[in-house]
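Presented below is the structure to which this report refers.
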Amino acid sequence: MKPLYSNGIELSVDADALGELEDSSAYLEDEAALRAKMEAQGYLFFRGLIDTAVILEAREEILMKFAIIGEIDPEFPINDAIYGGGQAIHQVNLRAFSRSVRDGIAYRRVVLDESLLKLHEKLLGGKVRAFDFRWPRFARPGEGCGVHCDGPYLTRGTDRIYSSWIPLGDVAREEGALMILERGPQHHPLLKHYLAKDADRDGLQWLGNPRELRQRFDTRWLTTDFRAGDVLCFAMDTVHAALDNKSPIGRCRLSSDSRYQLASEPLDERWNGPDPPAHGRDKVFFPGLGSWNNKDFQDEWKTVDRQGRLVIDR
Ligand SMILES: O=C(O)CCC(=O)C(=O)O
């Protein structure tokens, strides 16, 4: 197996350190089994839950927009997503750009896909709604995402929420797949204080070094080679991170995070409404471009000026 890295740290690929995500497709019609598995594992993984054509349309829609700002090399087909250097990102209105990606019609079809909504209805036991905000991610070669749980970022309204990570195209593990930390007896004792935090109020950092963390929890990182149509759904207290994108051909990884809750429960005001305020009107969801150790969300959220242009002190 090729070496795998997360946050610049090489991970052990030994069988006691790295495993495969378990496919739960066989339980799709069994509500009780789905809930029991989610409770036990903290995640549910489904191969081919969403029609591949729906995913590929969203991929094309989003990559076209990244190509316009120079993030994709024009020498190659846009859908190959070969990194192009991003020459224009300092000139454009990134606030408008990120909104146009988030609110694209083809992308919306993925987030509101019927089989995805039905799955969440089974898990939550009623009519569900997706958060109005969504998190499409373009991970350039070398980029990844730090270790964290979603709870501290999303649960001001209710903590009965599930996240779905959806690859918008095939994502081999070495091209930046998501990984989940397997649950073990140390899970809740070690996370008790962290899970009680609110990321905006408490200024959270990533949970730390993915190799040491796994050893401390004494479990395995779980991942797979994702294919277009797969869905990885997980709970608010599930520890996860991305593998670094080490694409041998310089391909950028495109994926989506969307979140679902019961329609009847209170909403987290940061992520819902016609124009959600998120982490503040002066910040835009635009992960990557370097590492700032997530202080004030800078790894993922970039400060922009009044024209929506990127303001970063390198
Ligand atoms: O796709 C990624 O790199 C990370 C996604 C994630 O962990 C999240 O948004 O919670």
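In summary, residue 218 fulfils each of the numbered conditions (1) open to solvent by 40 Å² or more (accessible area, probe 1.4 Å); (2) on the phi < 0 side of the Ramachandran plot with the single exception of condition (2). Among residues of segment 162-186 that are more than 20 Å from residue 63 (Cβ to Cβ), those with a beta-carbon under 8 Å from a residue that is open to solvent by 30 Å² or more (accessible area, probe 1.4 Å) and of a type in the set (A, V, I, L, M) at least six positions away or on a different chain give the pairs 183/40. Any residue at all in segment 251-258 that's farther than 30 Å from residue 192 by Cβ, within 14 Å of the ligand (Cβ to nearest atom), assigned to a loop (DSSP other than H, G, I, E, B) and under 18 Å from the mean Cα position of the chain (by Cα)? The answer is yes, given that some residue of segment 251-258 is farther than 30 Å from residue 192 by Cβ, within 14 Å of the ligand (Cβ to nearest atom), assigned to a loop (DSSP other than H, G, I, E, B) and under 18 Å from the mean Cα position of the chain (by Cα). Restricting attention to segment 198-226, the residues that are touching a helix residue (DSSP H, G or I) at 6+ places or on another chain (Cβ under 8 Å) and more than 25 Å from residue 154 (Cβ to Cβ) total 1. In segment 269-288, the qualifying residues are those that are within 16 Å of the ligand (Cβ to nearest atom), at negative phi and assigned to a loop (DSSP other than H, G, I, E, B), and the one that is surrounded by the most Cβ atoms within 10 Å (Cβ to Cβ) is 271. Only one entry in 171, 147, 111, 128 is open to solvent by less than 40 Å² (accessible area, probe 1.4 Å), within 17 Å of residue 43 (Cα to Cα) and β-branched (Val, Ile, Thr), namely 147.
Taken over segment 35-55, residues that are among the acidic types (Asp, Glu) and surrounded by 16 or more Cβ atoms within 10 Å (Cβ to Cβ) amount to 1.
Selection of segment 56-80 for residues being surrounded by fewer than 16 Cβ atoms within 10 Å (Cβ to Cβ), more than 19 Å from residue 106 (Cα to Cα) and in contact with a Leu (Cβ under 7 Å, 6 or more places away or on another chain) yields an empty set. Residue-level check: of (1) over 18 Å from residue 134 (Cβ atoms); (2) outside any loop (DSSP other than H, G, I, E, B); (3) of a type in the set (D, E, K, R), residue 237 misses just (2).
Suppose the filter is in contact (Cβ under 8 Å) with a residue 60 or more places away in the chain, of a type in the set (Gly, Ala, Ser), in a loop (DSSP other than H, G, I, E, B) and open to solvent by less than 50 Å² (accessible area, probe 1.4 Å); does residue 86 pass it? In short, yes. For segment 128-171, a residue qualifies if it is of a type in the set (Gly, Ala, Ser), within 15 Å of the chain's Cα centre (by Cα), more than 10 Å from the ligand (Cβ to nearest atom) and outside any strand (DSSP E or B), and the qualifying residues are 151, 169.
Here the condition is being open to solvent by 30 Å² or more (accessible area, probe 1.4 Å), among the polar types (S, T, N, Q) and within 30 Å of residue 185 (Cβ to Cβ); of 25, 6, it holds for 25 alone. When 190, 207, 181 are checked against the criterion of being modelled with pLDDT under 95 and either under 26 Å from residue 136 (Cβ atoms) or within 14 Å of the ligand (Cβ to nearest atom) (or both), a single residue qualifies: 207.
Within segment 226-243, being open to solvent by less than 10 Å² (accessible area, probe 1.4 Å) and within 15 Å of the ligand (Cβ to nearest atom) holds for 226, 230, 231, 232, 233, 234, 238, 239, 240, 241, 242, 243. For segment 103-127, the set of residues classified as basic (Lys, Arg) and either within 21 Å of residue 171 (Cα to Cα) or not in a helix (DSSP H, G or I) (or both) consists of 108, 109, 127, listed by residue number.
The values are calculated or read from the model by the stated rules, or taken from the named source; none is laboratory data. From a predicted model like this one, the values you see are computed outputs, not experimental measurements. Ideal geometry is used to build each Cβ from the backbone, glycine not excepted, and the neighbour counts take in all protein chains shown. In case anyone asks, the SASA skips ligands and DNA or RNA and just uses the protein heavy atoms, side chains included. Shrake-Rupley method; radii C 1.70, N 1.55, O 1.52, S 1.80 Å.
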